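Inspection log for the structure reproduced underneath, given as structure tokens.
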Amino acid sequence: MPISEERTQEITKSLKRCSDASVAAALRFEETHNLDELPAIILGVLERDAANPPATGIAAASDDARLMEDIGMDSFGMIEVVMTAEEVLGITVATEEMSSIRTLGDLKQFLCTKLAAKRA
């Protein structure tokens, strides 16, 4: 189903300063709900919000990369990630749910689980 112009603008605004590839992935996800689009969205948001990104870049990070220590996220950046996920993916994330998310893989799995529950 095509995305409304209003929803397209909401997603684009939520992903302001993210790469064009991340915005395009989010728009495709909105249409298809294909979870294969999530990595591009997640990496784009992390790149935008990392306080101290690694010199090698976030795109090179493996799933076992720690969000704080290896990717350079801080608590403010993590709040931004949560808010963006809620706006773009249409999920709700409770603060206590974030406490167990330590790695990039944890974040990906968490979002996949939330999206699966939303569809059920």
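Residue-wise test of (1) touching a helix residue (DSSP H, G or I) at 6+ places or on another chain (Cβ under 7 Å); (2) at pLDDT 95 or above.
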| position | (1), (2) |
| --- | --- |
| Arg7 | yes, yes |
| Lys13 | no, yes |
| Asp20 | no, yes |
| Phe29 | yes, yes |
| His33 | no, no |
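Cβ separations smaller than 9 Å between residues 6+ apart or across chains give the following pairs from the range 76-92 residues that are outside any helix (DSSP H, G or I) to residues that are among the charged types (D, E, K, R) and surrounded by 17 or more Cβ atoms within 10 Å (Cβ to Cβ): Gly90/Glu30; Ile91/Lys114; Thr92/Lys114. Of the residues in the range 98-116, not one is hydroxyl-bearing (Ser, Thr, Tyr) and within 21 Å of Ser4 (Cβ to Cβ). Could you list all residues from the range 65-92 that are more than 17 Å from Glu47 (Cα to Cα) and either surrounded by 18 or more Cβ atoms within 10 Å (Cβ to Cβ) or not β-branched (Val, Ile, Thr) (or both)? Of everything in the range 65-92, those that are more than 17 Å from Glu47 (Cα to Cα) and either surrounded by 18 or more Cβ atoms within 10 Å (Cβ to Cβ) or not β-branched (Val, Ile, Thr) (or both) turn out to be Glu86, Glu87, Leu89, Gly90. Within the range 50-64, residues that are surrounded by 13 or more Cβ atoms within 10 Å (Cβ to Cβ) and β-branched (Val, Ile, Thr) reach partners that are outside any loop (DSSP other than H, G, I, E, B) and at pLDDT 90 or above with beta carbons closer than 7 Å, at six or more positions or on different chains, in the pairs Ile58/Leu43; Ile58/Leu46; Ile58/Glu47. Can you pull out every residue in the range 45-74 that is in contact with an Asp or Glu (Cβ under 9 Å, 6 or more places away or on another chain), more than 17 Å from Ile101 (Cβ to Cβ) and assigned to a helix (DSSP H, G or I)? Within the range 45-74, just Arg48 meets the criteria.
Among the residues making up the range 4-22, those that are part of a loop (DSSP other than H, G, I, E, B) and either closer than 20 Å to Pro39 by Cβ or of a type in the set (Lys, Arg) (or both) are Leu15, Lys16, Arg17, Cys18, Ser19. Annotation: of all residues in the range 93-120 being of a type outside the set (D, E, K, R), crowded, with 17+ Cβ neighbours inside 10 Å and in contact (Cβ under 8 Å) with a residue 40 or more places away in the chain, the one that is farthest from Glu37 (Cα to Cα) is Thr103. Scanning the range 4-26 for residues that are surrounded by 15 or more Cβ atoms within 10 Å (Cβ to Cβ) and either touching a Lys or Arg at 6+ places or on another chain (Cβ under 9 Å) or over 17 Å from Leu115 (Cβ atoms) (or both) turns up Thr8, Glu10, Leu15, Cys18, Ser19, Ser22, Val23, Ala24.
The values are calculated or read from the model by the stated rules, or taken from the named source; none is laboratory data. The structure presented is a predicted model; accordingly, all values stated were derived computationally and were not measured. Neighbour counts run over all protein chains shown; Cβ positions are idealised from the backbone, glycine included.
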